[in-house]
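These notes concern the structure reproduced below.
The values are calculated or read from the model by the stated rules, or taken from the named source; none is laboratory data. For clarity, every value in this text was computed on a predicted model and none was experimentally measured. Positions of Cβ are generated from backbone atoms using ideal geometry, with glycine treated the same way; all protein chains shown enter the neighbour counts.
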Amino acid sequence: MISPRYQWDFPAVANEGAAKEIAETFGVSDLVAKILVNRGYDTVESANAFLRPGMDALYDPFLLHDMDVAIDRIMTAIDNGEKIVVYGDYDVDGITSTAILTWALELMGADVSYYVPNRFNDGYGPNMAQYQRLASEGMQLLITVDNGVSGREEVNWLMANGVDVIVTDHHELPEQLPDAVAVVHPRHPEGNYPFGGLSGAGVAFKVASALLEEPADEVMDLAALGAVADVMELVDENRAIVAMGLANLKEDPRPGLAALLEVAGTAQADIDSMTIGFTIGPRLNALGRMADATDGVRLLLSDDPEEASELAKRIDKLNRERQDLVASISEEALAQAATLAADPVLVVAGSGWHEGVLGIVASKLVEATGKPAIVLNDEDGQMKGSGRSVAAFDLFAALDGHRDLLTAFGGHASAAGMTIPTANLQAVRDVLREEAANQQLAEAGLPEIRIAAEVTAKDFNRQNYEQLQVLAPFGEGNPEPLFAVNLAGVQNVKTMSEGKHLRFTAETAAGTLPVVAFGRGPLAEDLAGRFESIRIVGTMSENSFRGDVSYQMMLTDIEAKGSSLLDWRTTRLTTQTFANPATYIFFNKKHYEQLAPTIKAPAEALYWEDAFNRTSVGTMAFVDVPEDMSQLADLLKFVPAGRLAPIFYAKTPAYLQKVPSKADFAKVYKFARSFQDIALRTQYDAVLAHLGMERSMLTLILQVFLDAKFVTIVDGVLNAVPEPAPMALEETASYQQFLARRQLEEQLIYSSTSELESLLTNLSKQES
């Protein structure tokens, strides 16, 4: 069985009539029209605004609270030659915000410089020491971008000391705002801006547009970067910004981004929102995580291709180092998480873990385990790190009431940063266990994904793919449509990137479908088996290779019912037999006692009766043959397993043994009548030679004769009974057991894989 990571929702079309009207009006497919309606674009007007984002979708920047005040103060500073500093942040949104406003102010002739705080020296957001330094160097006007709204104390100090401050931000608003000259925020409590979901770069773009008295389309690409990288919802004004920004980036990228795309190996023609999310964004973020994000602003503002190339190479190198760090720390963190399997919220800690990547590692733990995770670096008695959560658990609320255990703490429901005294680590784990219970995390169930439609392999074609692109750009709030496909099986399962990723061919009733699954390499072993049913969910993707264009699924989720079957049957037991991680079940007690000590973790050995103490196992391997089919059936019914791996070793298979004929029985009985006191312990081989019979057959015949009371064996001495009572030998218990064993082995050992699969499936469904 392969369990899905998500709850799959197949919503019905909310309004069939609206879908039909939209399909006819805009010439889109019925499928696209239905997706639009189910996403709330159920009128011609709303669908038109969504499908045709442009300049007319941009709101007047002066609708933002305090924008008029901010522009007046900036123009005064420009006219008077005042020294202006743009104070940004070290992530992509902060870097692009800084570049946008610096560009606009330079264009207006301002005396402007910028400062991007250092993650390790300055921390996030307003920093009093840096504010004071900048003031001492002659700063007269400070403009914050992508930060500042929470810096009431720091901003108020500047205002009290003769430095004016304009705050531009998009983060959560505190109860008390800074007493700045202006606070430009799309969700300002005294404002009435039509769209509250702008990124920090989006707000900076609006300020730049207000300064220029027209949309600042030259920096639309940077506003798009900030929106996508900061995972803002790509709806309303954000959709227009990102659509137009991507078009600009694709048509004529600025030198810095062109250089960054070149070192990443991304063709200009392939640029889309995913390019930001997976190519540009991580590289720019690596600066803030590993070094100083100031180089990111320099890159974005550079007009010199040579300078841009050098900066891009440096940034790409830092990103590779970041990737290596994430990989090594993630491996250690996952290993530690495995020892904390009982904890509903994972808190892992290590020494020498680079603090700049701990948030990424925490995200990987969440992805791998489905649990909220905190990753900490232990240094000098303090643990500093980041946490990431799942939709069902408010991480900020869980720790906010326990600040007495923390040195520093901040964040929101899904992500947080913190410093914890090393001595308090277990106390924090205990608190989170309690909070998980209070928030009923265990009962939350799987996060939900919406499936656009159930389709077949044939639907993955050029026409449908191109139709779906009218819904782009995709991202938060406007995800790529997901499609479900029922499979008959899978083939050509292969891993990529040292086992990290996976690709396979999905077999369906309507043909085959190539599937790529990033981060799902461990599924390869699972998919090697067979299942009762398999369903996959994913997006439609175009793949171009050497001029050939094909269409494939990018896997989001998979569900396989029934245990997968790994056919490990063998005629020999060696150390290699037990090399794979599995729970090895023994039906033969002697085999168990002999071999169990040789099986080492992560594998384990269990006698079959003890297996019923387990609620489930990953891979259940049946080492030898059960006494009867009921033993096997009970295990299949009461001990759920992700995979079944039959070995079914038999030292002397009854199935390969000749069934004794009447002549064979007569020959042995005649021999027993002809001699007295035959000492089997010393003469057995001589008897076999005399009779010209295999050992297994003679042993069976003698056991049948004992059951029928045709012979006696006392202390190893054989004698015939002179006048035995008549009895049908085939009715004796020994003979019947022999036949039953032959049939059992035929079904378990000598069947085909498909026959065995069917047998085990039926056994698991039998009523007790």
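Here are a few things to note about the model shown:
- Put simply, of Ala728, Ala733, Ala708, Ala686 the only residue that is out of contact with any Leu (no Cβ under 7 Å at 6 or more places or on another chain), in contact (Cβ under 8 Å) with a residue 24 or more places away in the chain and among the small types (Gly, Ala, Ser) is Ala733.
- Glu609 vs. criteria without any contact (Cβ under 8 Å) to a residue 60 or more places away in the chain, closer than 18 Å to Arg742 by Cβ and over 31 Å from the mean Cα position of the chain (by Cα): no
- Sub-6 Å Cβ pairs linking a first residue in segment 462-482 that is free of Cβ contacts under 8 Å to residues at least 40 places away in the same chain and within 15 Å of Arg39 (Cα to Cα) to a second residue that is basic (Lys, Arg) and buried (at least 16 other Cβ atoms within 10 Å of the Cβ), at least 6 apart or interchain, number zero.
- Selection of segment 438-461 for residues being of a type in the set (A, V, I, L, M, F, W, C) and in contact (Cβ under 8 Å) with a residue 60 or more places away in the chain yields Leu441, Ala442, Leu446, Ile449, Ile451, Ala452, Ala453, Phe460.
- Whichever residue in segment 9-60 is crowded, with 19+ Cβ neighbours inside 10 Å and closer than 30 Å to Ala208 by Cα and, among such residues, is nearest to the chain's Cα centre (by Cα): Phe50
- Selection within segment 178-197: residues that are in a loop (DSSP other than H, G, I, E, B) and touching a Lys or Arg at 6+ places or on another chain (Cβ under 7 Å). The member of this set that is farthest from Arg73 (Cα to Cα) is Gly196.
- From Ala442, Ala452, residue being surrounded by 19 or more Cβ atoms within 10 Å (Cβ to Cβ), over 26 Å from Glu332 (Cβ atoms) and under 23 Å from the mean Cα position of the chain (by Cα): Ala452
- Checked against the criterion of being β-branched (Val, Ile, Thr), outside any strand (DSSP E or B) and surrounded by 20 or more Cβ atoms within 10 Å (Cβ to Cβ), the candidates Val428, Val490, Val470 yield just one match: Val428.
- Residues in segment 624-665 that are basic (Lys, Arg), closer than 25 Å to Arg572 by Cα and surrounded by 14 or more Cβ atoms within 10 Å (Cβ to Cβ): Arg643 alone.
- Any hit, segment 437-454, residues being assigned to a helix (DSSP H, G or I), acidic (Asp, Glu) and modelled with pLDDT under 95: yes
- Residue in segment 640-649 that is out of contact with any Leu (no Cβ under 9 Å at 6 or more places or on another chain) and without any contact (Cβ under 8 Å) to a residue 40 or more places away in the chain present: no
- Looking only at segment 455-467, and only at residues there that are surrounded by 15 or more Cβ atoms within 10 Å (Cβ to Cβ) and out of contact with any helix residue (DSSP H, G or I) (no Cβ under 8 Å at 6 or more places or on another chain), the one that is nearest to Asp230 (Cα to Cα): Tyr465
- Test for Ala408: is it touching an Asp or Glu at 6+ places or on another chain (Cβ under 6 Å) and either surrounded by 17 or more Cβ atoms within 10 Å (Cβ to Cβ) or at pLDDT below 95 (or both): no
- Qualifying positions in segment 699-728 - over 60 Å from the mean Cα position of the chain (by Cα) and in a helix (DSSP H, G or I): Ile701, Leu702, Val704, Phe705, Leu706, Asp707, Ala708
- Evaluation of Tyr41 against (1) outside any loop (DSSP other than H, G, I, E, B); (2) free of Cβ contacts under 8 Å to residues at least 24 places away in the same chain (one fails), failing number: (1)
Each row is one residue, and each column tells you yes or no for (1) at pLDDT 85 or above; (2) crowded, with 22+ Cβ neighbours inside 10 Å; (3) among the charged types (D, E, K, R); (4) in the same structural domain as Met496 (by TED's automatic domain parsing).
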residue	(1), (2), (3), (4)
Ser533	yes, no, no, yes
Asn543	yes, no, no, yes
Thr575	yes, no, no, no
Ala596	yes, no, no, no
Glu604	yes, no, yes, no
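Table: residues versus (1) surrounded by 17 or more Cβ atoms within 10 Å (Cβ to Cβ); (2) among the acidic types (Asp, Glu); (3) touching a residue at least 60 places away in the same chain (Cβ under 8 Å); (4) in a loop (DSSP other than H, G, I, E, B).
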site: Phe504; (1), (2), (3), (4): yes, no, no, no
site: Val515; (1), (2), (3), (4): yes, no, no, no
site: Val537; (1), (2), (3), (4): yes, no, yes, no
site: Ser550; (1), (2), (3), (4): no, no, no, no
site: Met553; (1), (2), (3), (4): yes, no, yes, no
site: Thr570; (1), (2), (3), (4): no, no, yes, yes
site: Asn580; (1), (2), (3), (4): no, no, yes, yes
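- Failed condition for Val617, given (1) crowded, with 18+ Cβ neighbours inside 10 Å; (2) at pLDDT 90 or above: (2)
Here is a yes/no grid of residues against (1) within 18 Å of Tyr90 (Cβ to Cβ); (2) touching a residue at least 12 places away in the same chain (Cβ under 8 Å):
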{"residue": "Ile271", "(1), (2)": "no, yes"}
{"residue": "Thr275", "(1), (2)": "no, yes"}
{"residue": "Met290", "(1), (2)": "yes, yes"}
{"residue": "Asp295", "(1), (2)": "yes, yes"}
{"residue": "Asp303", "(1), (2)": "no, yes"}
{"residue": "Glu306", "(1), (2)": "no, no"}
{"residue": "Asn319", "(1), (2)": "yes, yes"}
{"residue": "Leu325", "(1), (2)": "yes, yes"}
{"residue": "Ser330", "(1), (2)": "no, yes"}
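- Tally, over segment 111-168, of residues that are among the acidic types (Asp, Glu) and in a strand (DSSP E or B): 2
- Residue count, segment 600-659 (criterion: within 22 Å of Ser754 (Cα to Cα), hydrophobic (A, V, I, L, M, F, W, C) and in a helix (DSSP H, G or I)): 6
- Enumerated strands (runs of 3 or more DSSP E) restricted to segment 326-402, each holding at least 2 residues that are surrounded by 16 or more Cβ atoms within 10 Å (Cβ to Cβ) and of a type in the set (A, V, I, L, M, F, W, C): 346-350, 373-379
- Output for segment 506-531, where each listed residue is within 23 Å of Ser758 (Cβ to Cβ) and out of contact with any helix residue (DSSP H, G or I) (no Cβ under 6 Å at 6 or more places or on another chain): Ala506, Glu507, Ala509, Glu525, Asp526, Leu527, Ala528, Gly529, Phe531
- The residues of segment 708-752 that are loosely packed, with under 14 Cβ neighbours inside 10 Å, within 13 Å of Asp628 (Cα to Cα) and out of contact with any Phe, Trp or Tyr (no Cβ under 9 Å at 6 or more places or on another chain), listed by number, are Gln736, Leu739.
- One residue stands out in segment 61-93 among those that are part of a loop (DSSP other than H, G, I, E, B) and under 42 Å from the mean Cα position of the chain (by Cα): the one that is surrounded by the fewest Cβ atoms within 10 Å (Cβ to Cβ), namely His65.
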